[in-house]
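Participant: A single structure is presented below for examination.
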Amino acid sequence: MRRPVTALTLLAASALSVGGLALATAPAGTADTLPYTVQTLHFAVTAGAEGPCDIVGDLYTPTAATSASRVPAILTTNGFGGSKDDQAGLGRYFASHGYVVLSYSGLGFGGSGCKITLDDPDLDGAAASDLVGYLGGDAGVAYLDAGHTQSAPALDVVQLDARDHAGVRRSDDPRVGMIGGSYGGQIQFATAAVDARLDTIVPMITWNDLSYSLGPNNTDQLPSQTSGVSSRTSGAAKLFWAAGFSGEGVADGMQGAQGDPNRLYGCPNFADWVCPGLAFAGSAGYVDDSTVAHLRHASVATYLPQVRIPTLLAQGEFDTLFNLNEAVATYRALKAQGTPVKMIWHSWGHSHGTPAPGELSLTDPDPSTQYETARVVAWFDRYLKGADVSTGAEFAYFRDWVPYTGNAAPAYAEAKAFPVGTDRTWYLGSSDLATSPPLAAGSQSFVTPAAGAPTSINPLDAVGGFLPAPLPEQDAPGSFAAWNTATLAQPVNVVGSPRLNLKVDAPVASVGQAGGPAGMLVLFVRLQDVAPDGTVTDIRQLTAPVRIPDVTRPFTVRMPAIAHQFAAGHQIRLVVAGGSVNYRGGQVANAVTITGGGGQTLTLPTVG
């Protein structure tokens, strides 16, 4: 029986488990007729100071695979709060098509022991490396019981490589790739960074920098990451996603405490630094420097030079946890260092877990009818089987404004490079967005609340996409400024990250910012689509928080990337607000004035 959980925790866990797709049902047929066998095993793995740990996994082995007729392998694991069972559909499909598949529950989840360490390469990556060794034939890793008293035979049916990707000869180097989403996506980077035997990865809906994911600041990016997401200044703490994470993690720890009671000591079921970091962020509204360092240590942004194998990135257009900017940052960095990489923006994500029809199914994959499934299958066939097949476009993105039936391929635009399109700039006037500089510029003023209080009604980002009737978008009077374009005569298709160049006047913050983040001005920037009937919609519920290090200077806001059509007859609205229901705002109340003109611009990357 599944343990009782709160609605928030359940929905967050659902979203974090690769798009919230339902668990796979048992396949039709009997064991005698299936082209593969399934065996549940336990693995004794190292995980730094956390080890030794017990990991539980299901091994799917094609019946045709033998020591004389070896096949490649796929390693996969769950999203946050999930288990090995979530990947059963992938296991069945790929085992039926000539791959050994090992699906395992990550540390701290789904029957596996030890604590959650947020895909730390030194811990989770080291544990996954032991599983790679098992696939390569290492003995003394697999057992038939959680107590590791009954050894399982070494595996001898996986294809072996003569050298790993560092050029080292090894006898236990399997031909192996990885796939998974969210928490099961980042572990692929962590494994690639510590184990040169891994051959290719397909990370879905995962992060580039976890300090950005949980406390984003969409300005003041690090000079070395001008195309990245990491900021020199901590941003605004996410409230509901953090609550979902911590609640689900602790609940998993309680469920597994009998087998591993050490998980409840210190910070329950989390690395010890997580609890004080959460407490500080909840009270101060931003992430402290020590926690930022831990979060970045568990983020591919920190160790990207160690990831050198072919990578197929897939990220969600409807995702308020790990938005498209995270995949873009990873893509650009991998591309710059010469790593083979391609990127897909699909419709689904943590905030809306159901793929569009004909896009993807993890429970019943079918490359003949599903665009994204076909891309994944071709990727593995190319880099694991060596098949002479196309792996698809360099960049592809889903367009929800394109009608289609059946396979979602017609809704995907494909490009030879990223970014795409042409920048179009609008100028901020008194309350209008104009395509040429205004002759006379007016100003708008508003007040930000004290103690980080919310001033808006928005869908709750961790659960809003799952509710039948999301809350309307609305800001309290006197708490925001807004600018509208004229009614659009032609559609405007935006694909990429909008950029806002802004200068504000905030006398209180100009004095208080000298004391550090607590005294800095925090604002929340959103793009909205205004329909002809006046209905206003935030684009994919996305918000760009900014904690401004120096309000006396202009700054640039790099907003979350979108793929959205503003239809003819609609208007584009820009909102700069003083608070948000989904984030902790600034601690100090501020009077803010924004004057149009003088280089205040909104730039949108547009395509035809």
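The values are calculated or read from the model by the stated rules, or taken from the named source; none is laboratory data. A quick note: this is a predicted structure, and the numbers were derived from the prediction, not measured. Methodologically, a virtual Cβ is constructed for each residue, glycine included, from the backbone with ideal geometry; neighbour enumeration extends over all protein chains shown.
Participant: Look at region 541-552 and say how many of its residues are charged (D, E, K, R) and in contact with a strand residue (DSSP E or B) (Cβ under 6 Å, 6 or more places away or on another chain). Spell out the reasoning first.
Facilitator: Our first condition is that a residue be charged (D, E, K, R); within region 541-552, this holds for 547, 550.
With in contact with a strand residue (DSSP E or B) (Cβ under 6 Å, 6 or more places away or on another chain) added as a condition, the list becomes 547.
Selection size over region 541-552: 1.
Participant: While we're here: All but one of (1) surrounded by 15 or more Cβ atoms within 10 Å (Cβ to Cβ); (2) outside any strand (DSSP E or B); (3) in contact with a strand residue (DSSP E or B) (Cβ under 7 Å, 6 or more places away or on another chain) hold for TRP401; state the number of the condition that does not hold.
Facilitator: Tallying (1) surrounded by 15 or more Cβ atoms within 10 Å (Cβ to Cβ); (2) outside any strand (DSSP E or B); (3) in contact with a strand residue (DSSP E or B) (Cβ under 7 Å, 6 or more places away or on another chain), TRP401 fails exactly one: (1).
Participant: Next question, about the same structure. Residues being under 31 Å from the mean Cα position of the chain (by Cα) and of a type in the set (Phe, Trp, Tyr): count how many of those fall in region 142-198.
Facilitator: Total satisfying the criteria: 2.
Participant: Got a sec? Which of ALA567, ALA563, ALA591 is modelled with pLDDT of 95 or more, assigned by TED's automatic domain parsing to the domain that holds PRO477, surrounded by fewer than 16 Cβ atoms within 10 Å (Cβ to Cβ) and farther than 25 Å from PRO437 by Cα?
Facilitator: Details: ALA567 fails: farther than 25 Å from PRO437 by Cα; ALA563 fails: surrounded by fewer than 16 Cβ atoms within 10 Å (Cβ to Cβ).
Unique residue meeting the criteria: ALA591.
Participant: When TYR303 is evaluated against the numbered criteria (1) touching a Phe, Trp or Tyr at 6+ places or on another chain (Cβ under 8 Å); (2) in contact (Cβ under 8 Å) with a residue 60 or more places away in the chain; (3) closer than 30 Å to ALA451 by Cβ; (4) of a type in the set (Ser, Thr, Tyr), which criterion, by number, is the only one it fails?
Facilitator: Condition (3) is where TYR303 drops out.
Participant: Exactly one condition in (1) touching a residue at least 60 places away in the same chain (Cβ under 8 Å); (2) closer than 17 Å to CYS114 by Cα; (3) in a loop (DSSP other than H, G, I, E, B) is not met by THR320; state its number.
Facilitator: (2)
Participant: Here are THR448, THR422, THR354, THR363: which of them is more than 30 Å from VAL525 (Cβ to Cβ), of a type in the set (S, T, N, Q) and within 30 Å of the chain's Cα centre (by Cα)? Give the steps one after another, and end with the answer.
Facilitator: Details: THR448 fails: more than 30 Å from VAL525 (Cβ to Cβ); THR422 fails: more than 30 Å from VAL525 (Cβ to Cβ); THR354 fails: more than 30 Å from VAL525 (Cβ to Cβ).
Just one listed residue meets the conditions, THR363.
Participant: Return the residues of region 570-588 that are basic (Lys, Arg) and either in the same structural domain as GLY228 (by TED's automatic domain parsing) or assigned to a loop (DSSP other than H, G, I, E, B) (or both); say none if nothing qualifies. Full working, then the answer.
Facilitator: Here is the first cut: in region 570-588, the residues basic (Lys, Arg) are 573, 584.
Correct list: ARG584 only.
Participant: Taking the condition touching a Phe, Trp or Tyr at 6+ places or on another chain (Cβ under 7 Å) and closer than 24 Å to THR485 by Cβ, does LEU602 pass?
Facilitator: Working: touching a Phe, Trp or Tyr at 6+ places or on another chain (Cβ under 7 Å): yes; closer than 24 Å to THR485 by Cβ: yes.
For LEU602, the condition - touching a Phe, Trp or Tyr at 6+ places or on another chain (Cβ under 7 Å) and closer than 24 Å to THR485 by Cβ - is met.
Participant: If I filter region 123-142 for residues that are among the hydroxyl-bearing types (Ser, Thr, Tyr), touching a Cys at 6+ places or on another chain (Cβ under 8 Å) and in the same structural domain as ASP161 (by TED's automatic domain parsing), do I get at least one hit? Please lay out each step first, then the result.
Facilitator: At the first step, the residues of region 123-142 found to be among the hydroxyl-bearing types (Ser, Thr, Tyr) are 129, 134.
Narrowing the set further to residues that are touching a Cys at 6+ places or on another chain (Cβ under 8 Å) leaves none.
Scanning region 123-142, I find no residue that is among the hydroxyl-bearing types (Ser, Thr, Tyr), touching a Cys at 6+ places or on another chain (Cβ under 8 Å) and in the same structural domain as ASP161 (by TED's automatic domain parsing), so the answer is no.
Participant: List the number of the failed condition for GLN315; all other conditions in (1) surrounded by 24 or more Cβ atoms within 10 Å (Cβ to Cβ); (2) part of a loop (DSSP other than H, G, I, E, B); (3) touching a strand residue (DSSP E or B) at 6+ places or on another chain (Cβ under 7 Å); (4) not hydrophobic (A, V, I, L, M, F, W, C) hold.
Facilitator: Among (1) surrounded by 24 or more Cβ atoms within 10 Å (Cβ to Cβ); (2) part of a loop (DSSP other than H, G, I, E, B); (3) touching a strand residue (DSSP E or B) at 6+ places or on another chain (Cβ under 7 Å); (4) not hydrophobic (A, V, I, L, M, F, W, C), the lone unmet condition for GLN315 is (2).
Participant: Between a first residue in region 161-181 that is within 14 Å of ARG70 (Cα to Cα) and free of Cβ contacts under 8 Å to residues at least 12 places away in the same chain and a second residue that is buried (at least 24 other Cβ atoms within 10 Å of the Cβ) and among the basic types (Lys, Arg), which pairs have beta carbons less than 6 Å apart while being 6 or more apart in sequence or on different chains?
Facilitator: Every condition considered, no pair remains.
Participant: Look through SER96, SER67 and report the one residue that is of a type in the set (Gly, Ala, Ser), at pLDDT 95 or above and exposed (fewer than 14 other Cβ atoms within 10 Å of the Cβ). Don't jump to the end; show me each part of the working.
Facilitator: Numbers: SER96 fails: exposed (fewer than 14 other Cβ atoms within 10 Å of the Cβ).
That would be SER67, the only listed residue that is of a type in the set (Gly, Ala, Ser), at pLDDT 95 or above and exposed (fewer than 14 other Cβ atoms within 10 Å of the Cβ).
Participant: Which residue, of THR373, THR391, is in contact with a strand residue (DSSP E or B) (Cβ under 7 Å, 6 or more places away or on another chain), outside any strand (DSSP E or B), among the polar types (S, T, N, Q) and buried (at least 16 other Cβ atoms within 10 Å of the Cβ)? So that I can check it myself, show each step before the final result.
Facilitator: On the way: THR373 fails: in contact with a strand residue (DSSP E or B) (Cβ under 7 Å, 6 or more places away or on another chain).
Just one listed residue meets the conditions, THR391.
Participant: Still on this structure, please answer the following. Restricting the first residue to region 59-71 and requiring it to be under 14 Å from VAL38 (Cα atoms) and touching a residue at least 24 places away in the same chain (Cβ under 8 Å), which pairs with a second residue that is assigned to a strand (DSSP E or B) and of a type in the set (S, T, N, Q) meet a Cβ separation below 6 Å and a spacing of at least six or different chains?
Facilitator: Short answer, once both residue conditions are applied: LEU59/GLN39; THR61/THR37.
Participant: Let me ask something else about it. Looking only at region 35-58, count how many residues are over 19 Å from ASP120 (Cβ atoms) and outside any strand (DSSP E or B).
Facilitator: Counting residues in region 35-58 that are over 19 Å from ASP120 (Cβ atoms) and outside any strand (DSSP E or B) gives 1.
Participant: Further, regarding this structure: Filter region 437-458 for residues that are touching a strand residue (DSSP E or B) at 6+ places or on another chain (Cβ under 8 Å) and either within 21 Å of ASP529 (Cα to Cα) or modelled with pLDDT under 80 (or both); which is surrounded by the fewest Cβ atoms within 10 Å (Cβ to Cβ)?
Facilitator: ILE457
Participant: Please return the ranges of strands (runs of 3 or more DSSP E) entirely within region 482-566 where 3 or more residues are hydrophobic (A, V, I, L, M, F, W, C). Outline the logic, then answer.
Facilitator: Values: elements: 492-496, 499-502, 521-530, 536-538, 544-548, 555-558, 562-566.
Those strands (runs of 3 or more DSSP E) span 492-496, 521-530, 544-548, 562-566.
Participant: Further question: Please name all residue pairs, on different chains or six or more residues apart, with Cβ atoms under 9 Å, provided the first residue is in region 502-515 and is among the small types (Gly, Ala, Ser) and surrounded by fewer than 19 Cβ atoms within 10 Å (Cβ to Cβ) and the second residue is outside any helix (DSSP H, G or I) and modelled with pLDDT of 95 or more.
Facilitator: SER510/LEU521; SER510/ASP550; SER510/VAL551; SER510/THR552
Participant: Within region 38-48, work out how many residues are of a type outside the set (S, T, N, Q) and over 27 Å from the mean Cα position of the chain (by Cα). So that I can check it myself, show each step before the final result.
Facilitator: Restricting attention to region 38-48, the residues satisfying the condition of being of a type outside the set (S, T, N, Q) are 38, 41-45, 47-48.
Keeping just the survivors that are over 27 Å from the mean Cα position of the chain (by Cα) gives 38, 41-44.
Looking only at that region, the number is 5.
Participant: When only residues in region 525-554 that are more than 24 Å from GLN565 (Cβ to Cβ) and in contact with a Gly (Cβ under 8 Å, 6 or more places away or on another chain) count, which is surrounded by the most Cβ atoms within 10 Å (Cβ to Cβ)? Reasoning before the result, please.
Facilitator: Restricting attention to region 525-554, the residues satisfying the condition of being more than 24 Å from GLN565 (Cβ to Cβ) are 545-554.
Applying the additional criterion that residues be in contact with a Gly (Cβ under 8 Å, 6 or more places away or on another chain) yields 545-547, 554.
Details: PRO545: 24, VAL546: 29, ARG547: 26, PRO554: 13.
Result: VAL546.
Participant: I've got another one for you. Restricting to region 404-436, count the residues that are within 26 Å of VAL530 (Cβ to Cβ) and either among the small types (Gly, Ala, Ser) or in a strand (DSSP E or B) (or both).
Facilitator: Of the residues in region 404-436, 17 are within 26 Å of VAL530 (Cβ to Cβ) and either among the small types (Gly, Ala, Ser) or in a strand (DSSP E or B) (or both).
Participant: What helices (runs of 4 or more DSSP H), lying completely within region 205-300, carry at least 1 residues that are charged (D, E, K, R) and either touching a strand residue (DSSP E or B) at 6+ places or on another chain (Cβ under 7 Å) or buried (at least 22 other Cβ atoms within 10 Å of the Cβ) (or both)?
Facilitator: Numbers: elements: 210-214, 240-255, 274-284, 289-297.
It comes to 240-255.
Participant: While we're looking at this one, here's another question. If the Cβ limit is 6 Å and pairs must be 6+ apart or interchain, which residue in region 555-576 that is farther than 22 Å from GLU326 by Cα pairs with which residue that is of a type in the set (Lys, Arg)?
Facilitator: Going by the 6 Å Cβ cut-off, the qualifying pairs are VAL575/ARG526.
Participant: Could you list, in sequence order, the residues of region 437-462 that are polar (S, T, N, Q), part of a loop (DSSP other than H, G, I, E, B) and more than 30 Å from TYR397 (Cα to Cα)? Don't jump to the end; show me each part of the working.
Facilitator: Start the filter on region 437-462 by keeping residues that are polar (S, T, N, Q), which leaves 443-445, 448, 455-456, 458.
Add one more test, that the residue is part of a loop (DSSP other than H, G, I, E, B), and what stays is 455, 458.
Listed by number, the list holds a single entry, THR455.
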